[in-house]
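Input: a single structure, listed below in structure tokens.
The values are calculated or read from the model by the stated rules, or taken from the named source; none is laboratory data. Note that the structure is a prediction, hence the values are computed from the model and not measured. As a convention, Cβ positions derive from the backbone with ideal geometry for all residues, glycine included, and neighbour counts pool all protein chains shown.
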Amino acid sequence: MLIDGHGRTVNYLRISVTERCNFRCQYCMPEKPFSWVPRENLLSFEELFSFVRVAIDEGIEKIRITGGEPLLREDLDRFVSMIHDYKPDIDLALTTNGYLLADVAERLKDAGLRRINVSIDSLKPHVAYRIAQKDVLQKVLRGVEKSLEAGLKVKVNMVPLKGINEDEIVDVMEYAKARGMTIRYIEYMENVHAKAGLKGLSGKEILSKVKERYTIHKVGREGSSPAFNYLTDDGYKFGIIDPHKHDFCESCNRIRLTAEGFLIPCLYFDEAMSIRDAVKAGNIDEANEILREVLRNKPEKNRWDEEEGEESSRAFYETGG
Ligand code: SAM
Ligand code: SF4
């Protein structure tokens, strides 16, 4: 079992397989970074998997593949199969912008993927364009339909932004609800890479928009999920991820691995340790020791709850959100 320095059990590994992306979302990567990580610095699927095996053996029960845009990494289904074949009952999920999903959804399902989270910030083509800075909506929605047809469980992620998509909070919920998908609203997390001046809606503001249409009841946090859940009067459950709240970090069960091999203990902070050399040398014991040290030093909480305007210098496209 993996326990961090604050007594929390860590059983969830998020792996960012690339920091590259085909969108330029205002809240994440509004401009192409000055330089990408050179391809030769990326760990191969075999190298990433050699660490995944250690992590699973030590107590990881849930793995999410993310990015950047993870579907930019060729043959991602091969990596999915490696993990699934090693531990078929692992809870294996993917977070994607959905743009390249339609053509690969079935292959990913066949490889052992169970669940997909797709980011849908708007159902209006011009607003989706404004956020992602690309004409994306049609392909994303087709990706969702193909995933559902393939039998994948799909969740929708939406980041509500002031003056941009706040009027669509209920519409995106209705879209998800009509297809049996859960929606999770994510509070915009301030970071230095995002477009200047961007403002997100707080969980409270998101909730009041939903209340204009529905009577809602509190359900609460479930397990270690960062989402606080609610139920509409007609029985639809949705969640709000509210990192600005104090209790968000109390049950944090996750650790992040980047495509270059950095183990990141918290989304907010810059601290990281590399397993790259250990993995390249096939030194699994050393990789395991680095994992344990990162856990010992995992911060107790993020700092988005502190002063107004506190920004993280960590890039979401690097950590995978
Ligand atoms: N490219 C994929 C996608 O967009 O779903 C996966 C990576 S993305 C970094 C993972 C999640 O982080 C997405 O749901 C995205 O909306 C969210 N995200 C990115 N930047 C964010 C920010 N500044 N605040 C809140 N959520 C953010
Ligand atoms: Fe790309 Fe996802 Fe970041 Fe948007 S949120 S720029 S799709 S990594």
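Taking the numbered list (1) more than 16 Å from ILE240 (Cβ to Cβ); (2) acidic (Asp, Glu); (3) within 12 Å of ligand 1 (Cβ to nearest atom); (4) modelled with pLDDT of 95 or more in turn, ASP171 passes all entries but (3). In summary, helices (runs of 4 or more DSSP H) completely within segment 275-321 and bearing 2 or more residues that are crowded, with 21+ Cβ neighbours inside 10 Å and modelled with pLDDT of 90 or more occur at 276-280, 284-296. Filtering MET189, MET173 for residues that are buried (at least 20 other Cβ atoms within 10 Å of the Cβ) and assigned to a helix (DSSP H, G or I) leaves a single hit, MET173. Please go through segment 53-86 and give me each residue that is over 18 Å from the mean Cα position of the chain (by Cα) and more than 19 Å from ILE116 (Cβ to Cβ), ordered by number. Result: ARG53, VAL54, ALA55, ILE56, ASP57, GLU58, GLY59, ASP85, TYR86. The number of residues in segment 27-48 that are buried (at least 21 other Cβ atoms within 10 Å of the Cβ) and under 21 Å from GLU190 (Cα atoms) comes to 3.
Please tell me if VAL172 is of a type in the set (Val, Ile, Thr) and in contact (Cβ under 8 Å) with a residue 40 or more places away in the chain. Spelling it out, VAL172 is indeed of a type in the set (Val, Ile, Thr) and in contact (Cβ under 8 Å) with a residue 40 or more places away in the chain.
Yes or no, residue by residue, for (1) part of a helix (DSSP H, G or I); (2) buried (at least 16 other Cβ atoms within 10 Å of the Cβ):
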{"position": "SER50", "(1), (2)": "yes, yes"}
{"position": "ILE60", "(1), (2)": "no, yes"}
{"position": "ARG64", "(1), (2)": "no, yes"}
{"position": "LEU71", "(1), (2)": "yes, yes"}
{"position": "GLU74", "(1), (2)": "no, no"}
{"position": "ARG78", "(1), (2)": "yes, no"}
{"position": "HIS84", "(1), (2)": "yes, yes"}
{"position": "GLU106", "(1), (2)": "yes, yes"}
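Kindly indicate whether PHE316 is away from ligand 2 (no atom under 16 Å from the Cβ) and either closer than 23 Å to ILE65 by Cα or without any contact (Cβ under 8 Å) to a residue 40 or more places away in the chain (or both). It is false that PHE316 is away from ligand 2 (no atom under 16 Å from the Cβ) and either closer than 23 Å to ILE65 by Cα or without any contact (Cβ under 8 Å) to a residue 40 or more places away in the chain (or both).
For the condition without any contact (Cβ under 8 Å) to a residue 40 or more places away in the chain and away from ligand 2 (no atom under 16 Å from the Cβ), what is the one hit in ILE56, ILE60, ILE3?
Only one candidate passes the filter, namely ILE56.
Selection within segment 200-225: residues that are surrounded by 14 or more Cβ atoms within 10 Å (Cβ to Cβ) and part of a loop (DSSP other than H, G, I, E, B). The member of this set that is farthest from the chain's Cα centre (by Cα) is TYR214. PHE228 falls short on exactly one of the conditions (1) within 16 Å of ligand 1 (Cβ to nearest atom); (2) at pLDDT below 95; (3) in a loop (DSSP other than H, G, I, E, B), and that condition is (3).
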